[in-house]
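I have placed the structure first, in the form of structure tokens, so that the comments after it can refer back to it.
The values are calculated or read from the model by the stated rules, or taken from the named source; none is laboratory data. Remember, it's a predicted structure, so these values are computed and weren't measured experimentally. Here the Cβ is made from the backbone with ideal geometry for all residues, glycine too, and neighbour counts use every protein chain on show.
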């Protein structure tokens, strides 16, 4: 039971961890100072939630584990984030579209996690739900602005959507550790808001004058620990300090 | 992005207090100005309400006019309520 729960916590937290790391890469490189701060703020919100998740996981696991061992000392196939969040910051449109596709999922996920039978997870969700509501508002506004902006911003936003849409279906997959927990009312049954998710993003794309890709096949793997080639580079950078100076503290 | 207009930001730090000018920022539209203000000026819980105003909409007095605008008030001490004797119980006047 405890092992499955720890797995589930990683499945949930790793999405935030890797997306936060991607946003952190942009610190000092945003298109202007206001947007730079906004994206970094979002990254920090995500890391804050990750800390709560991993502190809980470390408590369940016991021994020498800590939030840091979960964040920094696992192997690539032990990270269970979806492929969407590890996609690179190709340009600002990619960064925004990736964020939007995740935020619309994330807000619904957090709303449901608040009802979890696991009190700690419910409390983490209750605390984080307002942060995520703002993320979703920020990214949706930018999708509209880029899509319905200039010819160039429209072209880039459409390109980002065409490339990233294939990763959306995986958000709604359940790995084995999740299924039992869904039945126990601990994990969120994401299937129940899948159609709402697609309706919402399609409505925003329509306002943004973006075409929804005609997608027949969707990519998946991250939730099973099978990642894209980007993941190794992310982990190399993210884990460097703990690997080079084991047990270092700030 | 360089030609985005400038906006002035006013933050109310607590309910009951007035909005105070706290700085300016660049944004393409009012909605973006509001969100930028939220991210730049309220991240350490400085506020409960934000106003953003296009800087171009503000008409300012010029420094060279300050003599005619402000100096005449300098020698009119009778406009200050300093000639009343206040009871001791009255605070914060």
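Contact annotation: residue pairs with Cβ atoms under 6 Å, 6 or more positions apart or on different chains, pairing a residue in the range A:15-41 that is facing chain B (nearest Cβ under 8 Å) and within 14 Å of residue A:139 (Cβ to Cβ) with a partner that is modelled with pLDDT under 95 and part of a helix (DSSP H, G or I), are A:38/B:39; A:41/B:39. Taken together, the residues in the range A:75-92 that are touching a residue at least 12 places away in the same chain (Cβ under 8 Å) and either more than 30 Å from residue A:158 (Cα to Cα) or touching a strand residue (DSSP E or B) at 6+ places or on another chain (Cβ under 6 Å) (or both) amount to 3.
Scanning the range A:197-225 for residues being assigned to a helix (DSSP H, G or I) and either modelled with pLDDT under 95 or under 18 Å from the mean Cα position of the chain (by Cα) (or both) gives a total of 7. Across the range A:1-11, the qualifying residues are those that are under 18 Å from residue A:105 (Cα atoms) and touching a helix residue (DSSP H, G or I) at 6+ places or on another chain (Cβ under 6 Å), and the one among them that is nearest to the other protein chains (Cβ to nearest Cβ) is A:9. The requirement of being over 30 Å from residue A:144 (Cα atoms) and under 17 Å from the mean Cα position of the chain (by Cα) is fulfilled somewhere in the range B:46-59, by at least one residue. Residues that are away from every other protein chain (no Cβ under 14 Å), in a loop (DSSP other than H, G, I, E, B) and exposed (fewer than 14 other Cβ atoms within 10 Å of the Cβ) within the range B:1-45 comprise B:14, B:15, B:16, B:17, B:18, listed in sequence order. Checked against (1) farther than 24 Å from residue A:89 by Cβ; (2) surrounded by fewer than 19 Cβ atoms within 10 Å (Cβ to Cβ), residue A:187 meets all criteria but (2). Scanning the range A:158-173 finds one or more residues that are assigned to a loop (DSSP other than H, G, I, E, B) and farther than 28 Å from residue B:30 by Cβ. Taking the range A:174-186 as the range and being touching a residue at least 12 places away in the same chain (Cβ under 8 Å) and within 18 Å of residue A:79 (Cα to Cα) as the test, the residues that pass are A:174, A:175, A:177, A:178.
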